[in-house]
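Trainee: Please read through the structure below; I'll follow up with questions.
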Amino acid sequence: MSLGGGGLSLMRPLGGEATPESIAAAGGALTEDLFASALDSRAYSATTTMVLFVAEAAGLVTSAALATSSGGVAQSDASYWSIALTRWRAGVATTIATKTTRTTASGGEAIAGGLQPWTFDAVVFDEAAATLAEGDVVGFVATRVGTPSNINQPNFTVRFEPT
Amino acid sequence: MSRLLLAEELFASVMDHRQVSTGIVSAVCVMPWSGEITSAWLVSQIAIAASDAEYFTIALERWRYGSQAVVATRTTQATGGAAIAARVPWSIGALNAANRVVQKDDVIAVRVTRTLGSTVATFSANAFTVGVRPD
């Protein structure tokens with residue numbers, strides 16, 4: 001397994017009082033632009049947990065997506081993956097949002113593979129669960145139901161905003 | 001409410017422990033917003049000598065719903081490339097002005113391809129760091 005992370009900010013004092021214009025001129029960003037990403041070079045063939053990051057400050061998870069470098073997962077109500085964006089607080093898991101590869105009628109979507117995005121944009125987030133306290137852990141639980149295709153070397157990206 | 005950051009740029013960084021015997025593709029991130037790629041680096045745990053007989057090609061790619069665009073590429077060829085020193089940042093090369101522009105849901109990836117020769121060089125445990133800046 002290999003894990004990585006990112007979406008951190010390289011701090012650069014601008015000098016003097018910061019204004020939106022001065023920050024924009026310096027290539028600045030907003031807290032809402034922060035994100036973390038990680039690559040898991042495993043092929044998921046069974047239910048798998050992937051830890052993404054530890055919240056260094058209180059915040060809110062605002063979006064999530066994954067992409068795989070090869071293969072994909074077809075839609076099926078018999079054999080599918082259920083992927084839960086999850087927050088762990090002191091080891092207790094709370095689901096923020098869940099998306100599956102079930103049929104469209106069942107609210108799922110195929111994972112296209114080939115470095116195409118599979119986003120949680122259309123999924124409703126549990127706001128309480130998405131609210132992070134310092135020290136919370138954010139990750140995913142991919143639950144295998146039936147015999148869907150493996151999820152190969154997924155990358156997970158989560159956007160979060162300090163509050 | 002969003003607050004301003006005193007941040008010059010953001011970045012995504014992933015590590016891939018797979019051995020590059022023929023080639024690998026490592027997804028770095030799914031872009032959460034539109035912007036541009038500002039830099040791309042590889043850090044290898046081992047040194048890779050420059051060689052025209054056996055070398056690696058490292059390409060930074062932008063994928064937009066199945067359509068590939070090469071943002072930058074560089075090799076470890078003796079001719080036109082550069083050796084990789086262990087744990088020293090190695091730039092993936094000059095960024096293509098058009099392809100460095102990203103949209104939300106673009107997938108950024110790094111492809112490492114091995115061109116075989118008389119030796120048996122492989123490498124693994126690579127970190128890829130890509131600087132990104134929002135619009």
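The values are calculated or read from the model by the stated rules, or taken from the named source; none is laboratory data. Quick caveat: nothing in here was measured; it's all calculated off a predicted structure. Counting neighbours? That spans all protein chains shown, and the Cβs are built from the backbone with ideal geometry, glycine included.
Trainee: Kindly indicate the residue of the stretch A:75-122 that is among the charged types (D, E, K, R) and under 20 Å from A:Val158 (Cα atoms) and also nearest to the other protein chains (Cβ to nearest Cβ) among those meeting that condition. Outline the logic, then answer.
Mentor: Filtering the stretch A:75-122 for residues among the charged types (D, E, K, R) gives A:77, A:87, A:89, A:99, A:102, A:109, A:121.
From what's left, under 20 Å from A:Val158 (Cα atoms): A:87, A:89, A:99, A:109, A:121.
Numbers: A:Arg87: 18, A:Arg89: 24, A:Lys99: 14, A:Glu109: 13, A:Asp121: 8 Å.
Looking at the filtered set, the residue picked out is A:Asp121.
Trainee: Say we look at the stretch A:36-62 and pick out the residues that are more than 16 Å from A:Arg159 (Cα to Cα) and more than 13 Å from the chain's Cα centre (by Cα); which of these is nearest to the other protein chains (Cβ to nearest Cβ)?
Mentor: This residue is A:Ser41.
Trainee: Further question: Can we say B:Tyr65 is closer than 23 Å to B:Gln103 by Cβ and out of contact with any Cys (no Cβ under 8 Å at 6 or more places or on another chain)? Break it down stepwise before answering.
Mentor: Values: closer than 23 Å to B:Gln103 by Cβ: yes; out of contact with any Cys (no Cβ under 8 Å at 6 or more places or on another chain): yes.
So B:Tyr65 fits the description; yes.
Trainee: If a residue must be β-branched (Val, Ile, Thr), within 13 Å of the chain's Cα centre (by Cα) and surrounded by fewer than 16 Cβ atoms within 10 Å (Cβ to Cβ), how many such residues does the stretch B:51-103 contain?
Mentor: To start, the set of residues in the stretch B:51-103 that are β-branched (Val, Ile, Thr) comprises B:57-58, B:70-71, B:73, B:75-76, B:79, B:84, B:88, B:92, B:101-102.
Checking the rest, the ones that are also within 13 Å of the chain's Cα centre (by Cα) come to B:57-58, B:70-71, B:73, B:75, B:92.
Adding the requirement that they be surrounded by fewer than 16 Cβ atoms within 10 Å (Cβ to Cβ) leaves B:70.
Residues meeting the conditions: 1.
Trainee: To continue, here is another question. Looking at the stretch A:101-117 only, could you name the residues that are within 24 Å of B:Asp106 (Cβ to Cβ) and in contact with a Gly (Cβ under 9 Å, 6 or more places away or on another chain)?
Mentor: A:Thr101, A:Ala110, A:Ile111, A:Ala112, A:Gly113, A:Gly114, A:Leu115, A:Gln116
Trainee: Quick check on this structure: which one of A:Ala29, A:Ala46 is farther than 26 Å from B:Asp16 by Cβ and small (Gly, Ala, Ser)? Steps first, answer last, please.
Mentor: Working: A:Ala46 fails: farther than 26 Å from B:Asp16 by Cβ.
Among A:Ala29, A:Ala46, only A:Ala29 is farther than 26 Å from B:Asp16 by Cβ and small (Gly, Ala, Ser).
Trainee: Something else about it: Scanning the stretch B:16-39 for residues that are more than 10 Å from every other protein chain (Cβ to nearest Cβ) and of a type in the set (A, V, I, L, M, F, W, C), which turns out farthest from the chain's Cα centre (by Cα)?
Mentor: B:Val20
Trainee: Taking the residues in the stretch A:63-74 that are part of a strand (DSSP E or B) and buried (at least 16 other Cβ atoms within 10 Å of the Cβ) as candidates, determine which candidate is farthest from the other protein chains (Cβ to nearest Cβ). Give the derivation first.
Mentor: Initially, the stretch A:63-74 is screened for residues part of a strand (DSSP E or B), giving A:63-70, A:73.
Next, from what is left, pick out any that are buried (at least 16 other Cβ atoms within 10 Å of the Cβ): A:63-69, A:73.
On the way: A:Ser63: 6, A:Ala64: 9, A:Ala65: 4, A:Leu66: 7, A:Ala67: 4, A:Thr68: 7, A:Ser69: 4, A:Val73: 15 Å.
Applying the filter and picking the extreme gives A:Val73.
Trainee: Next up: Looking at (1) out of contact with any Asp or Glu (no Cβ under 8 Å at 6 or more places or on another chain); (2) within 14 Å of another protein chain (Cβ to nearest Cβ); (3) not in a loop (DSSP other than H, G, I, E, B), which one does B:Ile108 not meet, given that it meets all the others?
Mentor: (1)
Trainee: Taking the stretch B:20-66 on its own, how many of its residues are acidic (Asp, Glu) and farther than 25 Å from A:Ser70 by Cβ?
Mentor: Here is the first cut: in the stretch B:20-66, the ones acidic (Asp, Glu) are B:36, B:52, B:54, B:61.
Within this subset, residues satisfying the condition of being farther than 25 Å from A:Ser70 by Cβ are B:36, B:52.
Total meeting the criteria: 2.
Trainee: Next question, about the same structure. If you scan the stretch A:76-91, which residues turn out to be surrounded by 17 or more Cβ atoms within 10 Å (Cβ to Cβ) and either of a type in the set (Val, Ile, Thr) or farther than 26 Å from A:Ala130 by Cβ (or both)?
Mentor: A:Ser76, A:Ile83, A:Thr86
Trainee: Could you say which residue among A:Thr86, A:Thr101 is over 16 Å from A:Pro148 (Cβ atoms) and modelled with pLDDT of 95 or more? I'd like the intermediate steps shown before the answer.
Mentor: On the way: A:Thr101 fails: over 16 Å from A:Pro148 (Cβ atoms).
A:Thr86 is the lone residue from the list that is over 16 Å from A:Pro148 (Cβ atoms) and modelled with pLDDT of 95 or more.
Trainee: So, one more: Taking the options A:Ala24, A:Ala46, A:Ala57, name whichever one is modelled with pLDDT of 95 or more, aliphatic (A, V, I, L, M) and not in a strand (DSSP E or B). Quick ask: steps written out before the conclusion?
Mentor: Numbers: A:Ala24 fails: modelled with pLDDT of 95 or more; A:Ala57 fails: modelled with pLDDT of 95 or more.
A:Ala46 is the lone residue from the list that is modelled with pLDDT of 95 or more, aliphatic (A, V, I, L, M) and not in a strand (DSSP E or B).
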